[in-house]
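Novice: The following block contains the structure, expressed as structure tokens.
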Amino acid sequence: MDTITRPNPLFNANRMKLGIMPLNCSHGSTITTAPGTWSMTWPETVDIIQQADRAGFEVLFPVARWKGYGGATNFNHRTFETFTWAAAVSALTTYSCVFSTCHVPLVHPVAAAKQCATIDHISGGRFALNIVCGWYQNEFQMFGAPWREHDERYVYATEWLDFVRTIWQAQEEFDYHGKWFQSQGVWSEPKPLQQPCPPILVS
């Protein structure tokens, strides 16, 4: 039986949690043409995340970005995808909580549930999920994904998250019938180590 081997530091006694973001994107959080900005290579990423992990930072947090913003800086034009990033980072750390960020209209709940459970096992129970309802229309056009009005995006995300949580907890195959998702014979194993589910942030 798989069990949590590395408790999630989001639940430690520190009243304020410390984290770093977004190492998975070029420029990080700096919109500038100045030399020396974060170039975002994998060797650099490994170095920083392992230093942060050893220093006791509670959170390693990527942002979901699919293209840059153009202009002189083309801010965040190079990015590592967040689920695969989180899986790799989980295997290279021992303490920090490792987040993935998901644009819910771009990832099906069945796929997301499996990806999250996989990372939770790799991390030993240190995974957390950040969900984003979508705001940068240019990215959605790349996918040919529907662009919903603001309030409807959150209604959609509510159903998406309900579906994912059901997958994480279901002990038998089930059918899901919602407004946006109609799925039959849904099943996913293994379940996340953290039950009833990994921590979830909505940003």
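The values are calculated or read from the model by the stated rules, or taken from the named source; none is laboratory data. Every value quoted in this text rests on a predicted model; they were computed, and no experiment measured them. Here Cβ is always computed from backbone atoms with ideal geometry, including for glycine, and neighbour counts include all displayed protein chains. The accessibility values were calculated without ligands, DNA or RNA, using every heavy atom of the protein model including side chains. Shrake-Rupley method; radii C 1.70, N 1.55, O 1.52, S 1.80 Å.
Novice: List the pairs whose first member sits in the stretch 143-160 and is under 22 Å from residue 67 (Cβ atoms), whose second member is hydroxyl-bearing (Ser, Thr, Tyr), and whose Cβ atoms are under 8 Å apart, counting only residues at least 6 apart or on separate chains?
Specialist: The qualifying pairs are 148/156.
Novice: How about the stretch 164-182: which of its residues are touching a strand residue (DSSP E or B) at 6+ places or on another chain (Cβ under 9 Å) and open to solvent by less than 20 Å² (accessible area, probe 1.4 Å)? Reasoning before the result, please.
Specialist: As a first pass, look at the stretch 164-182 and keep what is touching a strand residue (DSSP E or B) at 6+ places or on another chain (Cβ under 9 Å): 164-167, 170, 173-177, 182.
Selection gives 164, 167, 170.
Novice: Next question. Can you tell me which residue is surrounded by the fewest Cβ atoms within 10 Å (Cβ to Cβ) among those in the stretch 118-139 that are in a helix (DSSP H, G or I) and out of contact with any helix residue (DSSP H, G or I) (no Cβ under 7 Å at 6 or more places or on another chain)?
Specialist: Start the filter on the stretch 118-139 by keeping residues that are in a helix (DSSP H, G or I), which leaves 118-123, 137-139.
Next, from what is left, pick out any that are out of contact with any helix residue (DSSP H, G or I) (no Cβ under 7 Å at 6 or more places or on another chain): 120-121, 137-139.
Numbers: 120: 29, 121: 19, 137: 9, 138: 11, 139: 16.
Here the answer is 137.
Novice: Exactly one of (1) open to solvent by less than 30 Å² (accessible area, probe 1.4 Å); (2) modelled with pLDDT of 95 or more; (3) in contact with a Pro (Cβ under 8 Å, 6 or more places away or on another chain); (4) not acidic (Asp, Glu) is unmet by residue 17. Its number?
Specialist: (1)
Novice: Taking into account only those residues within the stretch 54-77 that are open to solvent by 30 Å² or more (accessible area, probe 1.4 Å) and aliphatic (A, V, I, L, M), which is nearest to the chain's Cα centre (by Cα)?
Specialist: Per the criteria, the residue is 55.
Novice: What residue, of 198, 190, is within 22 Å of residue 99 (Cβ to Cβ), in contact with a Pro (Cβ under 6 Å, 6 or more places away or on another chain) and modelled with pLDDT of 95 or more? Reasoning before the result, please.
Specialist: Numbers: 190 fails: in contact with a Pro (Cβ under 6 Å, 6 or more places away or on another chain).
198 is the lone residue from the list that is within 22 Å of residue 99 (Cβ to Cβ), in contact with a Pro (Cβ under 6 Å, 6 or more places away or on another chain) and modelled with pLDDT of 95 or more.
Novice: Just wondering, is there one or more residues in the stretch 2-12 that are open to solvent by 80 Å² or more (accessible area, probe 1.4 Å) and modelled with pLDDT of 95 or more?
Specialist: yes
Novice: Turning to a different aspect of this structure: Taking the stated definitions as given, is residue 46 on the phi < 0 side of the Ramachandran plot, within 14 Å of the chain's Cα centre (by Cα) and in contact (Cβ under 8 Å) with a residue 24 or more places away in the chain? If you could, list the steps in order and put the result at the bottom.
Specialist: Numbers: on the phi < 0 side of the Ramachandran plot: yes; within 14 Å of the chain's Cα centre (by Cα): no; in contact (Cβ under 8 Å) with a residue 24 or more places away in the chain: yes.
No: the conditions fail for residue 46.
Novice: Continuing with the same structure: Is it true that residue 96 is buried (at least 19 other Cβ atoms within 10 Å of the Cβ) and either farther than 27 Å from residue 133 by Cα or polar (S, T, N, Q) (or both)? Break it down stepwise before answering.
Specialist: Details: buried (at least 19 other Cβ atoms within 10 Å of the Cβ): yes; either farther than 27 Å from residue 133 by Cα or polar (S, T, N, Q) (or both): yes.
So residue 96 passes the test.
Novice: Could you figure out which of (1) farther than 23 Å from residue 189 by Cα; (2) out of contact with any His (no Cβ under 8 Å at 6 or more places or on another chain) isn't true of residue 163?
Specialist: Unmet condition: (1).
Novice: Please count how many residues of the stretch 166-193 are closer than 26 Å to residue 126 by Cβ and touching an Asp or Glu at 6+ places or on another chain (Cβ under 6 Å).
Specialist: Count: 3.
Novice: When you go through 103, 108 one by one, which is the residue that is open to solvent by less than 70 Å² (accessible area, probe 1.4 Å) and closer than 27 Å to residue 187 by Cβ? It would help to see each step written out before you state the result.
Specialist: Values: 108 fails: open to solvent by less than 70 Å² (accessible area, probe 1.4 Å).
That would be 103, the only listed residue that is open to solvent by less than 70 Å² (accessible area, probe 1.4 Å) and closer than 27 Å to residue 187 by Cβ.
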